[in-house]
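Student: I'd like to ask you about the structure that follows.
Coordinate-derived values only; no laboratory data. From a predicted model like this one, the values you see are computed outputs, not experimental measurements. Don't worry about glycine lacking a Cβ; one is built from the backbone with ideal geometry, like all the others, and counts go over all protein chains shown.
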Amino acid sequence: MVMNSMLAAARALAPRQWLTPEASASASTSKETSVTSGSTQPLVKVAGLHKSYSPQVQVLKGLDIEMKPGERLVVIGPSGGGKSTLLRVMMGLEQIDKGSVTFDGKPYISADGGGKTRIDTNVRREIGMVFQHYTLFPHLNIVQNLILAPCKVRGESKQVATERAEGLLARFGLAAKAKAYPSQLSGGQKQRVAIARALMLEPKLMLFDEVTSALDPELVAEVEQVIMQLAGQSLPMMIVTHDMWFAKNIASRVVFCAGGVVVEDGPPEQVLGSPKHERTREFIDRVFHIKQ
Ligand SMILES: Nc1ncnc2c1ncn2[C@@H]1O[C@H](COP(=O)(O)OP(=O)(O)OP(=O)(O)O)[C@@H](O)[C@H]1O
Ligand SMILES: [Mg+2]
């Protein structure tokens, strides 16, 4: 998977020269744009997070991450290091052993070691996630995929939700596909629909877990462009990617995780360009190995 992403990154490098926040975004992409205006508290605070799948598989070992409002935080690290686990925990999809996750000042996931994870689903609903493999319902057309959750979860009327869905599809260049079924779409189109579907619930934070790594190289750019567009509109995001080129372009900050903890945390130029820690350096050289 890592190798595929590396190849994809290397092979698609030239056609993606245009893919800069400036080119993709209508609004400016300052390195740290604030959504919670005037707020100084972190948007996300992951504190002392411990997660094991079994006594033998201890994945997160006291992970601490803070994310400011408006940041685009890219999480990198070795395969099997727990990046997907972190995002899944933040979505309330995994039990944890210990620690807490706070969103916009509200602690919504916590466990004190007693074996029970508390999850505040109202807070969790403010966060959207897109996975590596598109998870569209095959028996529903694209608009139906988009309006399902808003109508069911939020009680939105079908007409209002459909109008919003069509607006999003038009924005992502998918207007002509509104009535198509997932099987009639390319991988890149499906992934753009998956992003649009997550946006239908108007998240205040988006999590992206290797959303381009299953795509053919020529389809990567169209999905990354959509994410860049969202970045241009100041949507805070946490992105797990093995694509160095994308990481460099999208990140306002990069976190390198290994061994279940944060090893290095800083601006993309520093963490990706001249890492301080030997472990980060080794990883960058070994896994990405892209000439800058
Ligand atoms: N449901 C599960 N049950 C048991 N072990 C799991 C489960 N999910 C993940 N793991 C294990 O937890 C560890 C971390 O997995 P995770 O998917 O979070 O890593 P990752 O950093 O996202 O890796 P990659 O870069 O390959 O996507 C791995 O050793 C994995 O095998
Ligand atoms: Mg993963």
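Student: Tell me whether the stretch 75-229 comes out rounded, prolate or oblate; compute the Cα gyration tensor, take square roots of the eigenvalues as a ≥ b ≥ c, and use a/c under 1.5 as the rounded threshold.
Tutor: oblate
Student: What's the FRET efficiency of residue 93 with residue 270 using the Cβ-Cβ distance as r and R₀ = 51 Å, to the nearest 0.05?
Tutor: Efficiency computed from Cβ-Cβ geometry: 0.95.
Student: Could you list 179, 45 so that the one with the fewest beta carbons within 10 Å of its beta carbon is first and the one with the most is last?
Tutor: 179, 45
Student: I would also like to ask the following. Which of 210, 282, 66 has the fewest other C-beta atoms within 10 Å, and how do the rest follow up to the most?
Tutor: Going from least to most buried by this count: 282, 66, 210.
Student: Here is a further query. Taking Cα pairs under 8 Å and at least six residues apart, what relative contact order does the stretch 62-172 come out at, in percent?
Tutor: After rounding, I find 13 percent.
Student: Could you calculate the contour length gain from residue 47 to residue 184, that is, 0.36 nm times the residue separation minus the distance between their Cα atoms, to one decimal place in nm?
Tutor: Working it through step by step, the gained length comes to 45.0 nm.
Student: Among the listed pairs 45/248; 68/158; 45/276; 61/152; 204/276; 106/179, give every one whose C-alpha distance is greater than 30 Å.
Tutor: Table pairs above 30 Å Cα-Cα are 68/158; 61/152; 204/276; 106/179.
Student: Please work out the FRET efficiency for the pair residue 139 and residue 285, using the Cβ-Cβ distance as r and a Förster radius of 51 Å; give the result to the nearest 0.05.
Tutor: 0.65
Student: Which order do 102, 212, 40, 280 fall in if you start with the one that has the fewest other Cβ atoms within 10 Å?
Tutor: So the residues, fewest neighbours to most, are 40, 102, 280, 212.
Student: Let me ask another. Could you grab the relative contact order for the stretch 109-223? Cα pairs under 8 Å, six or more apart, rounded to a whole percent.
Tutor: 39
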